[in-house]
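I have placed the structure first, in the form of structure tokens, so that the comments after it can refer back to it.
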Amino acid sequence: MTHACRCGFGDYVFSLETDCRDLADFFRRYTARFRSDAVPAVRYRATRRPRPTLVSNGGAEVSFDKPSDLFPALESRFLSDLIELVARDRPIFHAASLARSGQADVFLGASGAGKSTLCARMVRDGYTYLSDELTIVDGSTVIALPRPICMNHATHPPELRPDGDARFEPFGYTFRDVRGAEIRALFYLPRPGYCARAGEHFKLGTVYALQRTGGGAPTQARVEGTERRARFALARYHGLRERA
């Protein structure tokens, strides 16, 4: 049996066909805040049998050892394609963003700086979620790109995760990394009312730089002027599959 789903951002629409119901359910939940009413431009096909494989737009098939490997592979491929396409038209940055009263604050930080932890906390404090990692800043406008808040059991202990919070829809998958260690990828999608729709516009508010701390929420430092421009330049994606 084939399961199909699709999603889109702007003019770019993605579709998935797979014989794995769990993979289709994951992709639907992962892209639940994206639109889905246009003709797909990027098509993924994933199969479990006779061997787990993933292919997009008629390209070369990539094979895997186990069906569970399809989950991180599809997520990575989708994010890489999304970044590459969006970056053709608008600046996209490695940053979190949240809004209140129509104004969006942006939080620039390297991987592991605490952007996801910050997003979960600020949603609980009444902010509207826009993104935990992929933020579009076009002039004085921030455009929502709301993939789920992403965590994992190894780097985000229970006290940092919004488990049991009714404002979030939790889901995830388990796989083994290249060293054979079991990884539980955790996702928390803010429910409607706490999350913007993909493509929704907000006025740019304050920009912060995040710094790692020993635990808990990261420190925040407001950045302006030349420093802000420099930090945005360093955080910009250029559509080069930088997540690979």
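Checked against (1) touching a residue at least 40 places away in the same chain (Cβ under 8 Å); (2) in contact with a helix residue (DSSP H, G or I) (Cβ under 6 Å, 6 or more places away or on another chain), Leu54 meets all criteria but (1). Scanning segment 117-133 for residues that are modelled with pLDDT under 95 and hydroxyl-bearing (Ser, Thr, Tyr) yields one hit, Thr117.
In the set Gly180, Gly199, Gly164, Gly193, only one residue is surrounded by 16 or more Cβ atoms within 10 Å (Cβ to Cβ) and either in a strand (DSSP E or B) or out of contact with any Asp or Glu (no Cβ under 9 Å at 6 or more places or on another chain) (or both); that residue is Gly199.
Scanning segment 108-134 for residues that are surrounded by 24 or more Cβ atoms within 10 Å (Cβ to Cβ), of a type in the set (D, E, K, R) and farther than 16 Å from Ala198 by Cα yields a single hit, Lys115.
Considering segment 26-109, the qualifying strands (runs of 3 or more DSSP E), each wholly inside and each with 1 or more residues that are out of contact with any Cys (no Cβ under 9 Å at 6 or more places or on another chain) and in the same structural domain as Val123 (by TED's automatic domain parsing), run over 92-100, 103-108. Of the residues in segment 172-181, none is at pLDDT 85 or above and either among the basic types (Lys, Arg) or under 23 Å from Asp105 (Cβ atoms) (or both).
For (1) under 25 Å from Ser56 (Cα atoms); (2) among the basic types (Lys, Arg); (3) more than 14 Å from the chain's Cα centre (by Cα), each residue gets a yes or a no:
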position	(1), (2), (3)
Leu82	yes, no, no
Gln103	no, no, yes
Val106	no, no, yes
Ala110	no, no, yes
Tyr129	no, no, no
Pro148	yes, no, no
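The values are calculated or read from the model by the stated rules, or taken from the named source; none is laboratory data. Everything numeric in this text was worked out from a predicted model, so none of it was measured. Every residue, glycine among them, receives a Cβ derived from its backbone with ideal geometry; neighbour counts consider all protein chains shown.
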